Amino acid sequence: MRRQRTVSLLRLAPVLLIVLMLFPASVSAFRYAVAQREGNFLVFVGADGQVRHEATEMRLMYTDEPHRHYYTEAKLNDGRWFSLDKENEDIILEVQTFNPTILYRLSREMPLYSMPFNGPSYRLGRMAIPGEYPVSKKAYDFIELQLGGGQSGWIQVPENGTDLTGTQPGVFIDQPLTLDHRTNLQITVEDRFAPEISRVQTIMVPEYVTVHNASNFRPHADALWHANQHAALDYLPGVTYHYAVDHKAAYLLTPLNEATYNAGDRYLAGNGASVAIEICDHDDGKYYPQAEQNGAKLAAAILYQLGLPKENLRFHKDWSGKDCPYTMIRNERGSIGVEAFVERVETEYEALVMAYGAAVSPFKTASAPPSNVTRPESVDLPDRTEQTIMREVIVVETREDGVEETKVVMEVVNVSDLADHGALPYVAAGVFGLTVLSGIFYAVRQSKKRSGPKF
Ligand SMILES: [Zn+2]
């Protein structure tokens with residue numbers, strides 16, 4: 001009887017090993033789209049010698065196992081989804097179009113490129129000379145200058161310079177750095193720029209307002225604390241933003257014509273073309289309802305004063321799928337929730353239109369962005385506590401006639417139980433495998449010992 005059991009366990013061993021080896025691989029196949037939206041994108045593929053593709057759709061994907069891993073996919077012209085490989089220097093840029101053009105004043109010679117990418121094959125071998133140029137396109141830190149005679153060329157402006165005035169080769173003419181305080185902003189707004197070293201210092205033409213929650217629930221983490229924290233940043237990339245707002249006041253920490261690292265979307269419009277507002281939910285939301293109301297007034301004032309349509313309000317989650325604004329998404333700490341917040345911003349915006357007339361772009365030669373701009377369709381992360389997957393497990397069953405039988409069955413596993421464990425599944429699988437093997441080894445030895453004298 002004992003001998004028979006040993007044989008069945010030994011037969012089981014290879015099956016067990018195969019399942020243990022396949023376990024991490026099968027789990028890693030689970031991918032989620034965290035944000036998907038339309039836009040005007042350029043994809044440069046490092047492996048193909050920086051071949052350029054145009055794309056009108058992108059999405060951020062992530063896998064949960066064996067390690068949490070985010071990556072970007074772009075839908076190329078041929079309809080296939082291409083996964084960008086950062087290691088391979090694949091780059092995706094979002095192209096902003098200005099119609100009519102904005103004027104850029106170039107103050108020193110800059111090399112020209114045929115595309116907004118500094119790969120060797122895109123160098124034109126010519127320089128743009130100082131002067132004023134109409135600009136119809138911008139792609140993060142690249143600006144397309146209209147050179148006259150139907151000619152155009154891209155220049156790259158530096159990112160992360162230590163001196164904005166010294167490193168930037170020029171400026172967009174008449175672009176505001178702050179809100180106009182002559183109008184009634186209805187809340188206290190203090191302009192308090194962080195030192196240049198604490199900012200991204202990449203030129204921006206704002207097209208959106210992006211709302212965040214600070215999600216720091218400690219008692220001291222109000223807007224002034226955030227302003228001081230931002231000013232103390234002495235390295236980049238850190239998280240940077242334009243405004244911190246609470247129940248009392250708003251602080252402008254980055255000029256409105258500079259990009260920030262707020263949205264987690266690198267060279268796309270969340271970082272490169274939006275004014276970021278952090279609404280404080282400190283002291284576990286004790287003052288949150290008023291802070292949120294101030295945030296809505298601020299968002300409306302920015303959209304209005306920059307001449308943007310009220311539909312250009314965005315949330316962090318729209319850009320990268322991040323669970324932000326955290327408090328607002330959950331209707332917690334007295335929040336009115338995302339939908340009611342959008343309505344409140346629209347109401348505040350309409351009130352400004354009633355008081356001061358239609359929103360006018362401060363760019364002398366620029367019109368408001370196209371009116372067909374729509375809120376990007378974001379694919380909300382499924383509630384992972386309710387997500388389940390099937391996986392194979394081996395069970396040993398005793399039949400009615402007393403004979404043991406091994407079977408491979410499907411088991412329902414809660415995804416949240418698998419998330420964020422890093423190397424743990426491998427370690428657990430290894431320990432389990434060793435335990436089973438040593439059990440088999442022990443059983444074989446025992447059976448040999450006991451049955452020994454009989455032979
Ligand atoms: Zn955020």
> Given 247, 230, 242, 226, which one is without any contact (Cβ under 8 Å) to a residue 60 or more places away in the chain and more than 16 Å from the ligand (Cβ to nearest atom)?
Replying inline: 247
> Pick from segment 208-223 the residues that are surrounded by 21 or more Cβ atoms within 10 Å (Cβ to Cβ) and in a loop (DSSP other than H, G, I, E, B): which of them is farthest from the ligand (Cβ to nearest atom)?
Replying inline: 222
> What strands (runs of 3 or more DSSP E), lying completely within segment 64-153, carry at least 3 residues that are farther than 22 Å from residue 274 by Cα?
Replying inline: 69-76, 81-83, 110-113, 123-128, 131-139, 142-148
>> Looking only at residues that are surrounded by fewer than 24 Cβ atoms within 10 Å (Cβ to Cβ) and among the aromatic types (Phe, Trp, Tyr) in segment 242-269, which one is farthest from residue 293 (Cα to Cα)?
In response: 267
> Which of the residues spanning segment 79-108 are surrounded by 13 or more Cβ atoms within 10 Å (Cβ to Cβ) and among the charged types (D, E, K, R)?
Replying inline: 85, 89, 90, 94, 105
>> So for segment 92-107 (the condition being closer than 24 Å to residue 315 by Cα and among the hydroxyl-bearing types (Ser, Thr, Tyr)), does at least one residue qualify?
In response: yes
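Please count how many residues of segment 270-290 are among the small types (Gly, Ala, Ser) and within 15 Å of the ligand (Cβ to nearest atom). Outline the logic, then answer.
Filtering segment 270-290 down to residues among the small types (Gly, Ala, Ser) leaves 270, 272-274, 276, 285.
Narrowing the set further to residues that are within 15 Å of the ligand (Cβ to nearest atom) leaves 270, 274, 276.
Selection size over segment 270-290: 3.
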> What do you reckon, is residue 232 closer than 23 Å to residue 91 by Cβ and of a type in the set (A, V, I, L, M)?
Replying inline: no
> How many residues are away from the ligand (no atom under 16 Å from the Cβ) and without any contact (Cβ under 8 Å) to a residue 60 or more places away in the chain when one looks only at segment 291-315?
Replying inline: 5
> Restricted to segment 68-78, and to residues that are charged (D, E, K, R) and in contact with a strand residue (DSSP E or B) (Cβ under 7 Å, 6 or more places away or on another chain), which residue is surrounded by the most Cβ atoms within 10 Å (Cβ to Cβ)?
Replying inline: 73
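Yes/no per residue for (1) farther than 18 Å from residue 276 by Cβ; (2) within 16 Å of the ligand (Cβ to nearest atom); (3) assigned to a loop (DSSP other than H, G, I, E, B); (4) assigned by TED's automatic domain parsing to the domain that holds residue 274:
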site: 317; (1), (2), (3), (4): no, yes, no, yes
site: 324; (1), (2), (3), (4): no, yes, yes, yes
site: 333; (1), (2), (3), (4): yes, yes, yes, yes
site: 336; (1), (2), (3), (4): yes, no, yes, yes
site: 340; (1), (2), (3), (4): yes, no, no, yes
site: 345; (1), (2), (3), (4): no, no, no, yes
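The values are calculated or read from the model by the stated rules, or taken from the named source; none is laboratory data. Given the structure is predicted, the values throughout are model-derived calculations rather than measurements. All Cβ positions, even for glycine, are placed from backbone atoms using ideal geometry, and neighbour counts span all protein chains on display.
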